[in-house]
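Undergrad: Here it is, the structure in full.
The values are calculated or read from the model by the stated rules, or taken from the named source; none is laboratory data. Quick caveat, the model's predicted, so the values are computed rather than measured. Cβ: placed from backbone, ideal geometry, glycine included. Neighbour counts: every protein chain shown.
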Amino acid sequence: MSTQTPPRSRRQRRRDARDAAPGADVAPLDERTPRRIGFRQTLGRWDVKVSPYLYVSPFFVVFAITGLFPLLYTGWVSLHDWDLLGGQGEFVGLENFSTVLDQAFFWKALRNTVSIFLLSSVPQVITAIVLASLLHANLRARTFWRMGVLLPYVIAPVAVTLVFSKMFADESGMINALLGQVGVDPIGWHSSPFWSHVAIATMVNFRWTGYNTLIFLAAMQAIPQDLYEAAVIDGASRLRQFFSVTVPMVRPTLIFVVITSTIGGLQIYDEARMYDTMGQGGNDRQWLTVTLYLYELGWRNTNLGRAAAVAWLLFLVIVVFAIGNYLLTRRVAGEPGDAPNRAARRLARRSSR
Amino acid sequence: MSAPSVPMIRQTAGAGAARAARRRRNAGVGSERRPRWLTYLLLALAILISVYPLYFAVLLASSTSAQIAQNPIPSLIPGGQLFTNLRRVLEADIDLWQAILNSVIVSTATAVSVVMFATLAGYSFAKLRFRGRRPLLVFVIATMAVPTQLGVVPLFIVMRELGLVGSLWAVILPGMVTAFGVFWMTQYLESALPYELIEAARVDGASMIRTFWSVALPAARPAAAMLGLFTFIASWTNFFWPSIVLGTTNPTLPVALQLLQAGFFKDIALIMAGVVISVVPLIALFVVAGRQLVAGIMQGAIKG
């Protein structure tokens, strides 16, 4: 290195220049005064100026075309008569919205979606936190256990649903047979609205609990050890440690998981579509979800205008729920405990800064 | 252990301290302790629940339909019909070979393109300076929370205008970039790529793209591999949009499974054989790369 004097000194000069101008890092590379302005230099300067934009542009271009534009254009479509085959019809104002809001099916779909969402997210988050705290222990073969809980994540929801809909079959299903062996009457896993929601929520939980467990586990590993030591010295039981140290400390993660599962959970489609052969949400539409209803309006009834209206309504519902859940989670997980806990939390907050 | 024994603590510091010390030794503190059998039992139960539904599919796929109708609870030992059923489903009207090929094409293309564009954009956001960098990055992060699935209606109209309905391009194009990918690579490169390396390359006369190619790309490899894995899985398991735009003639695997269910609903063994076929590639991937998946989720959680 020391033999290569010219490059070294050049770099040195540049470094001096950078030190003189704090905050300048990469782009100013070529701002050193060129001795003679030739084609190469001009080209090089353009390279520096344009490249950053060039590199981020694929994302923005593709996202604009396939993400942002469709989302906004949904609003335009929703204001028109728009047939799947016939294309754009006349402007109808908010008629699509008022028609959809008058449909009993829409409200049924909304109720079902919220019910399935609650049945999946609440037990899922609780199970995930408990599993994470089990995995947080100093286990033997820890990678094995972590991979084990994650396994369902790689199974497509469609495949999961085919398996579970057989297990949950009303007549010849395994679950009802097992229940029969312990003397419980068969449950209408398909015929009953509530139990069909439970079955569909079970499939969602099957796929996502392990994933969220690992997210919570990562959060738990970031909790400073002295908090637990302090709790032990104060005589806190393991259960108490869990509720007074672990849960409050993973609160930001809890909020993150709840928000993402809200956005995903309210769009549930695959499981509801595949839960029976007809794919219409059951005879009585007892497990029709909003997204399934959107599909039905748009591609079975060929009314894209109304489907677009449903998409916008669902978007609103998601926003409302995401905000509501954010506020709720913040309160539930942030319930002020007794003074020592608050002190511990304050300590933790300080040390995490 | 150099720590004083519990009786000694009782003598020197009183009964309360001794009780605390004993509890600490027995229960341990945080992740120091070796857990008791109950922890292992509960975890084993969790893993059993993870694995059994898959095994259930294998059990049903290796039985005859008569056996399935007879025993709602399948025996734990697979029957001998697995290969018969696999052959039957592969020879069925629904072209599963085509579906497998389609899924491989779509998932690979999406994964490669997401990794490529996310690394480019992430490098730019993390290490280059340009006007509008902050607001653009904020925009990327904001779009992560937007449910783009709700744009299906216009997306379908656009794809039809382009004549792409029924073509794999209709599935690949919207999946080519993800906001999450850009965010992920930005986060990673910010910490993993020292400015000195970039400067060294520039001083040596490398152009911007050459610098990206020979300095940033190698540094990004671990995070890029994880991003590729997650994108591949998401694409492989995706159903909603492919089922709308591909139709029945050119399905990916999940769409083909739906067609199987609709066409052969009485033949559970055949359907389950289809499930097994659709699941095996990702299980294989999971066996090879499961560690990376676990690490990826846990790293994402810390940064996200």
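Undergrad: Out of region A:160-173, which residues are of a type outside the set (A, V, I, L, M, F, W, C) and either more than 7 Å from chain B (Cβ to nearest Cβ) or not in a helix (DSSP H, G or I) (or both)?
TA: Across region A:160-173, the qualifying residues are A:THR161, A:SER165, A:ASP170, A:GLU171, A:SER172, A:GLY173.
Undergrad: Hey, another quick one. Could you identify the single residue in B:THR186, B:THR248 that is of a type outside the set (Asp, Glu), out of contact with any strand residue (DSSP E or B) (no Cβ under 6 Å at 6 or more places or on another chain) and touching a residue at least 40 places away in the same chain (Cβ under 8 Å)?
TA: Numbers: B:THR248 fails: touching a residue at least 40 places away in the same chain (Cβ under 8 Å).
It is B:THR186.
Undergrad: In region B:50-90, which residue that is in contact with a Phe, Trp or Tyr (Cβ under 9 Å, 6 or more places away or on another chain) and free of Cβ contacts under 8 Å to residues at least 12 places away in the same chain is farthest from A:GLY148 (Cα to Cα)?
TA: So, considering only residues that are in contact with a Phe, Trp or Tyr (Cβ under 9 Å, 6 or more places away or on another chain) and free of Cβ contacts under 8 Å to residues at least 12 places away in the same chain, the one farthest from A:GLY148 (Cα to Cα) is B:PRO53.
Undergrad: Right, here's the next one. Under 6 Å between Cβ atoms, which residue pairs at least 6 apart in sequence (or on different chains) link something in region B:91-115 that is under 12 Å from B:ALA256 (Cβ atoms) with a partner that is charged (D, E, K, R)?
TA: Nothing qualifies.
Undergrad: Now for a separate question. How many residues are facing another protein chain (nearest Cβ under 9 Å) and either aliphatic (A, V, I, L, M) or within 25 Å of the chain's Cα centre (by Cα) (or both) if we restrict to region B:184-215?
TA: Residues flagged as facing another protein chain (nearest Cβ under 9 Å) and either aliphatic (A, V, I, L, M) or within 25 Å of the chain's Cα centre (by Cα) (or both) within region B:184-215 amount to 5.
Undergrad: Suppose we keep only residues that are within 7 Å of chain A (Cβ to nearest Cβ) and surrounded by fewer than 20 Cβ atoms within 10 Å (Cβ to Cβ) within region B:287-304. Which one would you say is modelled with the lowest pLDDT?
TA: Our first condition is that a residue be within 7 Å of chain A (Cβ to nearest Cβ); within region B:287-304, this holds for B:290-291, B:293-294, B:297-298, B:301-302, B:304.
Keeping just the survivors that are surrounded by fewer than 20 Cβ atoms within 10 Å (Cβ to Cβ) gives B:291, B:298, B:302, B:304.
Values: B:ARG291: 92, B:MET298: 90, B:ILE302: 50, B:GLY304: 37.
Out of the qualifying residues, it is B:GLY304.
Undergrad: Sticking with this structure for a sec: Would you pick out the residues in region B:59-68 that are in a helix (DSSP H, G or I) and crowded, with 18+ Cβ neighbours inside 10 Å?
TA: B:LEU59, B:LEU60, B:ALA61, B:ILE68
Undergrad: State all residues of region A:135-159 that are more than 7 Å from chain B (Cβ to nearest Cβ) and either β-branched (Val, Ile, Thr) or over 17 Å from A:THR213 (Cβ atoms) (or both); if no residue qualifies, say none.
TA: Hit for region A:135-159 is A:ARG140, nothing else.
Undergrad: Restricting to region B:131-142, give me the number of residues that are β-branched (Val, Ile, Thr) and either closer than 23 Å to A:ALA308 by Cα or facing chain A (nearest Cβ under 8 Å) (or both).
TA: 1
Undergrad: While we're on this one: Do you know which residues across region A:239-256 are within 11 Å of chain B (Cβ to nearest Cβ) and within 21 Å of the chain's Cα centre (by Cα)?
TA: Hits for region A:239-256 are A:VAL250, A:PRO252, A:THR253, A:PHE256.
Undergrad: Are any residues in region A:201-238 more than 30 Å from A:TYR269 (Cα to Cα), more than 8 Å from chain B (Cβ to nearest Cβ) and part of a helix (DSSP H, G or I), and if so, which ones?
TA: Of everything in region A:201-238, those that are more than 30 Å from A:TYR269 (Cα to Cα), more than 8 Å from chain B (Cβ to nearest Cβ) and part of a helix (DSSP H, G or I) turn out to be A:MET220, A:ASP226, A:LEU227, A:ALA230, A:ALA231.
Undergrad: Identify, please: which residue in region B:143-158 is within 17 Å of B:VAL182 (Cα to Cα) and in contact with a Ser or Thr (Cβ under 9 Å, 6 or more places away or on another chain) and is, among those, farthest from the other protein chains (Cβ to nearest Cβ)?
TA: B:MET144
Undergrad: Return the residues of region B:159-178 that are more than 7 Å from chain A (Cβ to nearest Cβ) and either part of a helix (DSSP H, G or I) or under 30 Å from B:GLY300 (Cβ atoms) (or both); say none if nothing qualifies.
TA: B:MET159, B:ARG160, B:GLU161, B:LEU168, B:TRP169, B:ALA170, B:VAL171, B:ILE172, B:GLY175, B:THR178
Undergrad: Can I ask one more? Can you tell me which residues in region A:128-152 are in a loop (DSSP other than H, G, I, E, B) and free of Cβ contacts under 8 Å to residues at least 60 places away in the same chain?
TA: Hits for region A:128-152 are A:ALA137, A:ASN138, A:LEU139, A:ARG140, A:ALA141.
Undergrad: With respect to the numbered conditions (1) assigned to a loop (DSSP other than H, G, I, E, B); (2) more than 30 Å from A:ALA218 (Cα to Cα), which one is the sole condition not fulfilled by A:PHE97?
TA: The single condition A:PHE97 does not satisfy is (1).
Undergrad: Answer yes if at least one residue in region B:74-85 is away from chain A (no Cβ under 12 Å) and closer than 30 Å to B:VAL245 by Cα, and no otherwise.
TA: yes
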